[in-house]
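Undergrad: Quick one: structure below, then a few questions.
The values are calculated or read from the model by the stated rules, or taken from the named source; none is laboratory data. These numbers were taken from a predicted model, which means no experiment stands behind them. Ideal geometry is used to build each Cβ from the backbone, glycine not excepted, and the neighbour counts take in all protein chains shown. The area values use the complete protein model at the heavy-atom level, side chains included, leaving out ligands, DNA and RNA. Shrake-Rupley method; radii C 1.70, N 1.55, O 1.52, S 1.80 Å.
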Amino acid sequence: MTRIDRLPRRRRELPLAGVLFALAAPALAGPRVDYLLHCAGCHLADGRGSPGAVPSLAGPLGRIAASPAGRDYLARVPGAAQAPISDEALAAVLNWLLLEFNRETLPPGFQPLSGSEVARSRARARVLADPLKLRRELWPDSTDY
Ligand code: HEC
C-alpha cells in the first residue's frame, strides 16, 4: 500500500480538495447565500436597508405580498429583476426574505412565489422605471422609505 506522504504533492492534495468542496458546496448555495451575494450589499444582511435611500425588507413586505400586483412588484423592482440569478433562484430569495423577515405581516395562507410567476413579472418589465410611484399606488397607506 502506498503511504500518502510518499505520493507526489498534487496527488495528495486533490482528493482532499474534492472532499472539502463536496462538504462545503451545500452550504454555499441557496436563497440565503443569493440574498447575501446579490441583495445584502444595499439592503444589509438583516434586511433593514438605509432610511432615505434603500427600503427595509424586514417587516412590512408581507402586506405587499398580499395582492397579485404587489407580488408582481416585488419581482420587478430593479434590484430584484436585474439580479444575475435565474427566475427560480429569485423566487426562492423573495420567498426566503418574506418568510425570514416578514412572517408577521404575511397574509394568511400565503402561497410562495413560483419561478414561472417571477419569470412573467420579469418579462413584463425588466426595468421598472419609477418604483416609488408604483409603490405609492399599490400601497397608498405606506410611508416612503
Ligand atoms: C444597488 C442596491 C440594491 C441592490 C443590490 C438590491 N436592491 Fe432592492 N432596492 C434598492 C432600492 C434603492 C430600492 C427602492 C426602489 C428603487 O429605487 O429601485 C429597492 C427596493 C426593493 C424592494 C421593494 C421594497 C419596498 O418596500 O417597496 C424589494 C422587494 C427589493 N428591493 C428586493 C431586492 C432583492 C430581492 C435584491 C437582491 C436579489 C435586491 N433588492 C437588490 C436597492 C437595491
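Undergrad: With a cut-off of at least 3 residues that are open to solvent by 60 Å² or more (accessible area, probe 1.4 Å), name the helices (runs of 4 or more DSSP H) lying wholly within segment 44-116.
TA: Of the helices (runs of 4 or more DSSP H) lying wholly inside segment 44-116, those with at least 3 residues that are open to solvent by 60 Å² or more (accessible area, probe 1.4 Å) span 87-101.
Undergrad: On the basis of being of a type outside the set (Val, Ile, Thr) and modelled with pLDDT of 95 or more, does Ala80 make the cut?
TA: yes
Undergrad: Taking only segment 93-135 into account, find how many residues are near the ligand (Cβ under 10 Å from one of its atoms), touching a residue at least 24 places away in the same chain (Cβ under 8 Å) and more than 20 Å from Arg63 (Cβ to Cβ).
TA: 1
Undergrad: I would also like to ask the following. Which one of the conditions (1) closer than 24 Å to Ser114 by Cβ; (2) surrounded by 12 or more Cβ atoms within 10 Å (Cβ to Cβ); (3) modelled with pLDDT under 95; (4) out of contact with any helix residue (DSSP H, G or I) (no Cβ under 6 Å at 6 or more places or on another chain) does Leu7 fail to meet, given that it meets all the rest?
TA: Checking Leu7 against (1) closer than 24 Å to Ser114 by Cβ; (2) surrounded by 12 or more Cβ atoms within 10 Å (Cβ to Cβ); (3) modelled with pLDDT under 95; (4) out of contact with any helix residue (DSSP H, G or I) (no Cβ under 6 Å at 6 or more places or on another chain), the one that fails is (1).
Undergrad: Provide a single number: the residues in segment 117-126 that are in contact with a helix residue (DSSP H, G or I) (Cβ under 6 Å, 6 or more places away or on another chain), open to solvent by 50 Å² or more (accessible area, probe 1.4 Å) and among the hydrophobic types (A, V, I, L, M, F, W, C).
TA: Count: 0.
Undergrad: For segment 132-144, how many residues meet the condition of being surrounded by 16 or more Cβ atoms within 10 Å (Cβ to Cβ) and either in contact with a Leu (Cβ under 7 Å, 6 or more places away or on another chain) or modelled with pLDDT under 90 (or both)?
TA: Residues in segment 132-144 being surrounded by 16 or more Cβ atoms within 10 Å (Cβ to Cβ) and either in contact with a Leu (Cβ under 7 Å, 6 or more places away or on another chain) or modelled with pLDDT under 90 (or both): 2 in total.
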